[in-house]
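Since the structure comes first, as structure tokens, the remarks are kept for the end.
The values are calculated or read from the model by the stated rules, or taken from the named source; none is laboratory data. Just so you know, these numbers come straight off a predicted model, no measurement behind them. Virtual Cβ from ideal backbone geometry, glycine too; neighbours counted across all protein chains shown. For the accessible areas, the whole protein counts, side chains as well, though only heavy atoms, and no ligand, DNA or RNA atoms are used. Shrake-Rupley method; radii C 1.70, N 1.55, O 1.52, S 1.80 Å.
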Amino acid sequence: MSVGEGAAAAGDPLPDEPRRPPDRGLRHTAGEQTPLSSLALAAGAGGLVLVFAGSAAVATAYGWTPTESLAEAITSPAQLVVLLTSIGLGALAGIAGLLGARRAMTKGAREGAISGAALGLQAIVLAGFLLWFRNGDVERFARQFFDFALLSDFTDRFLRAAGNTVVLALSGEAIGIALGLVFAVFALSSRRVVRAPARAYINFFRGTPLLWQLSFFFFGIVLGLQLDVGVYTVAILVFGLNAGAYSAEIFRAGIQSIERGQFEAARSLGMSYLMALRLVILPQAIRRVIPPLTNEFVILIKDTSLVVVLGLTLSQQELLSTARDIYAQTFNATPFLAAAAGYLAITLPMIRVVTWLERRLRSGLTGIGA
Amino acid sequence: MNSDGSLVRLEDVHKWFGDDLYVLRGIDLAVTPSEVVVVIGPSGSGKSTLLRTINLLEEPTEGRVLFDGVDLTDIRTDLNAARTGIGLVFQQFNLFPHKTALGNITLALRNVLGLSREEARERAVEQLREVGLEEKADAYPGQLSGGQQQRVAIARALAMRPKLMLFDEVTSALDPELVKEVLDVMQRLAGEGMTMVVVTHEMGFAREVGTRLLFIDHGQIVEEGEPREMFASPGHERTRQFLAQVL
């Protein structure tokens, strides 16, 4: 059943409207499946769902807390049955999928068979991992990493830590973008004496580890020279300098990607070099560099964790140093899971927003890359 | 105007690209107000480079370029100010893709000439009307046909109220059916007395609109004269060969 038929039945006043291209997804190919491909799909999807739902059901039956019951759940015979069944279903899906794909008469049937085999493979891999995992000292592991009750005492600290991570990354990136813009323009200068220092700065900060930079600027320069600068300030400055070097390269590539004719048109209208850059080149270049710049920003968010080496006070601690600090107090590693969740909570929305922004800029009537 | 009554004068202009490529080999040219000088010649002959040295988009390696009494090749000259008097239209249009047709025109009016928002808008709309695109004011370049884009580009250059207009193969990138709308605008402009230097392959335009024809080959002006006469009886063998190929 195609989209076009449904529209015609509803009395679509625009019969000339181009039909949507056929959707190869599972939903629209349902009508075309052969017995083999249906079997592959059902077994594959069933196996994968069972790994998650079955394991969750077992864990719920034993109770998520305290930690000991979670460990019991993982090592229970019921969990073993769940995993082995999943692997069996996955293998069945794989075999049926391979056979079904070869014998498929329609594209839909082949897509169904291959999708089933792929789902089955995923079920096998996941269940296999969990099976292997059961063999270890699950109870010890669960006590170390799944002591969620412990976290409730530290909620405030983690919230403040997430805030600090965001502040460090955002201020670093803001400084980085400003520096990057300026140094990209310097690096593009036709004058060697302008270009050379820009290249030196960029190469130095891209060529040495961020960890080294943080240590050197704090322990070497600030402490060594007995300067009255806080560790937090140093960290933000170093993050800014480091992000600046990467941003400079990104901006340089973006500026160079704009057709020469744009610059010539601007100059022939009487604009100065800087005016042409500001009004014509940069507005176009910035749209093109949003994806690599975001990538850079996401890396910086994670790299803020390197400040652990500097020794921060309680109120300055960001996610990873907080996790380490609590670990040192409690000898329990669950805070590290919380830190990971914190990083994801910051980076994933970022990535979503930028994907949306990128799509909007491209689909908009702004004619980028005309 | 220059002291000799010309609007533009090129004096013994040479241009090298690097050490090996010798593109202009001693060009002397004077264009008087209201002249329409059409430059023709084989590809690679230096036509476009010649045109682009007039507003110093290409800096001559040797020689002088005088425009409206100012030596553009003098290091002390304010080139940005001088360029506002010279409009240049490109083969590839080079409209700013992030600006609407109107925004393309007002950008330099506001930022270079310092017009107020209202003045700039008014002038831009008027200029768009003159090229027949008033209703496309809010369209982005990507929404316009090639011919429309090129007419916006002409309007953008004209809005600066230049004394001289340079056209660099402005119809070469257009589909055949779009060429005429651009040539019509240029012809009307010539009729209004605009001084123009036009590099083109449109021999019909050269004959009908040009007041002087310049044939360039290997970076030198081989022959110049009244277009109809030159088409009828070229005086030089190389001109004859070139015209035989393009006509």
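So here's what we get for this one:
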| quantity | calculated |
| --- | --- |
| From A:LEU293, A:LEU337, residue being surrounded by fewer than 20 Cβ atoms within 10 Å (Cβ to Cβ) and modelled with pLDDT of 90 or more | A:LEU337 |
| Qualifying residue in region B:55-78 (condition: free of Cβ contacts under 8 Å to residues at least 60 places away in the same chain, open to solvent by 20 Å² or more (accessible area, probe 1.4 Å) and facing chain A (nearest Cβ under 9 Å)) | yes |
| Among the candidates A:GLY128, A:GLY116, A:GLY172, residue that is farther than 30 Å from A:PHE239 by Cα, of a type in the set (Gly, Ala, Ser) and in contact with a helix residue (DSSP H, G or I) (Cβ under 6 Å, 6 or more places away or on another chain) | A:GLY116 |
| Answer residue from region A:296-324, given it is small (Gly, Ala, Ser) and open to solvent by 30 Å² or more (accessible area, probe 1.4 Å) and is nearest to the other protein chains (Cβ to nearest Cβ) among those | A:SER315 |
| Answer from A:GLN284, A:GLN262 - the residue that is open to solvent by less than 20 Å² (accessible area, probe 1.4 Å), assigned to a helix (DSSP H, G or I), at the interface with chain B (Cβ under 9 Å from one of its Cβ atoms) and modelled with pLDDT of 95 or more | A:GLN262 |
| Residue selected from region B:115-150 under the condition within 11 Å of chain A (Cβ to nearest Cβ) and more than 21 Å from the chain's Cα centre (by Cα), by the criterion farthest from B:PHE93 (Cα to Cα) | B:ASP138 |
| Filter result (more than 10 Å from chain B (Cβ to nearest Cβ) and either surrounded by fewer than 21 Cβ atoms within 10 Å (Cβ to Cβ) or of a type in the set (Gly, Ala, Ser) (or both)) within region A:242-259 | A:ALA243, A:GLY244, A:ALA245, A:SER247, A:ALA248, A:GLU249, A:ALA253, A:GLY254, A:GLN256, A:SER257 |
| Matching option when the condition is of a type in the set (Ser, Thr, Tyr) and open to solvent by less than 20 Å² (accessible area, probe 1.4 Å), among B:SER6, B:SER48 | B:SER6 |
| All strands (runs of 3 or more DSSP E) inside region B:123-227 with 2 or more residues being among the charged types (D, E, K, R) | B:212-217, B:220-225 |
| Extreme residue, farthest from A:ASP147 (Cα to Cα), among residues of region A:340-360 that are at pLDDT 90 or above and among the hydroxyl-bearing types (Ser, Thr, Tyr) | A:THR347 |
| All positions within region A:250-301 that are of a type in the set (Ser, Thr, Tyr) and farther than 19 Å from B:ASN111 by Cβ | A:SER257, A:THR294 |
| Unique residue being under 22 Å from A:THR165 (Cβ atoms) and in a loop (DSSP other than H, G, I, E, B) when the list is A:LEU300, A:LEU312, A:LEU293, A:LEU320 | A:LEU312 |
| Count of residues meeting criterion [in contact with a Ser or Thr (Cβ under 7 Å, 6 or more places away or on another chain) and open to solvent by less than 30 Å² (accessible area, probe 1.4 Å)] in region B:11-34 | 6 |
| Options B:ARG188, B:ARG161, B:ARG156; residue that is free of Cβ contacts under 8 Å to residues at least 24 places away in the same chain and within 14 Å of chain A (Cβ to nearest Cβ) | B:ARG161 |
| Enumeration of residues in region A:340-360 that are open to solvent by 70 Å² or more (accessible area, probe 1.4 Å) and either outside any helix (DSSP H, G or I) or over 27 Å from A:SER152 (Cβ atoms) (or both) | A:ILE351, A:ARG352, A:VAL353, A:TRP356, A:ARG359, A:ARG360 |
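Each row is one residue, and each column tells you yes or no for (1) closer than 26 Å to A:GLN317 by Cβ; (2) open to solvent by 70 Å² or more (accessible area, probe 1.4 Å).
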| position | (1), (2) |
| --- | --- |
| A:ALA178 | no, no |
| A:ALA200 | no, no |
| A:ARG206 | no, yes |
| A:LEU210 | yes, no |
| A:ALA235 | yes, no |
| A:GLY240 | yes, no |
